[in-house]
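What follows draws every value from the coordinates through simple rules; no lab data is involved. The structure displayed is predicted, hence computed values, not measured ones. Because the Cβ atoms are built from the backbone with ideal geometry, glycine has one as well, and the counts that use them run over all protein chains shown.
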Amino acid sequence: MAIQLDDVRRAAHLARIAVDDAEAGAALAQLTRVFGLIEQMQAVDVSGIEPMAHARDLMLRLRADAVTEENRRERFQAIAPEVESGLYLVPKVIE
């Protein structure tokens, strides 16, 4: 996909960014390089390659799934301004 100077100006207008001709030309050159790199990456044959979650083969250390805190819900609700049926009542914010 070839990008033109008008495309850069239109994108700048949509983004509400003021660019002069020199800046638009520089942005066009940078975008052309980026799109060229994307085309090179898309041309690589990756069939038969398994997707990876991370670039390195890492194993995360997992901890035991155990409760470490006591249930303090009753104490928190006792000091809340308004509670109903175990739920905190808050003032209406959006009208």
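A few comments on the model shown:
- Taking Cα atoms only, the orientation of helix 5-14 departs from the longest principal axis of the chain by about 20 degrees.
- Near Val83, the amide H atoms lying under 5 Å from its own belong to Leu89; only residues 5 or more places off or on other chains count, and H is placed 1.01 Å from N.
- Taking amide H as placed 1.01 Å from N in the peptide plane, Ile3 has no amide H partner under 5 Å among residues 5 or more places away or on another chain.
- Label of the coordinate-derived value, percent of Cα pairs over 22 Å apart, listed as (1) 28; (2) 69; (3) 24: (2)
- Rounded to whole Hz, the Karplus (6.51, -1.76, 1.60) HN-Hα couplings of region 55-67, x for glycine and proline: 5, 10, 7, 10, 10, 7, 7, 10, 9, 5, 7, 10, 6
- For the chain, built as a Gaussian network whose Cα springs stay under 10 Å, the top-fluctuating residue of Arg16, Arg73, Arg61: Arg73
- Under a Gaussian network description of the chain, with springs only between Cα atoms under 10 Å, the residue in Asp57, Asp65, Asp21 that fluctuates furthest is Asp65.
- Only Lys, Arg, Asp and Glu carry charge here, each on its Cβ (+1 for the first two, -1 for the last two); on that basis the chain has a dipole of about 260 debye about its Cα centre.
- For region 83-95, Karplus couplings with θ = phi - 60° (6.51, -1.76, 1.60), whole Hz, Gly/Pro x: 9, 9, 6, x, 10, 7, 9, 10, x, 5, 9, 9, 9
- Between 0 and 90 degrees, the angle of helix 21-42 with respect to the longest Cα principal axis of the chain falls at about 80 degrees.
- On the basis of the beta-carbon distance and an R0 of 22 Å, Asp65 and Tyr88 show a calculated FRET efficiency of 0.25.
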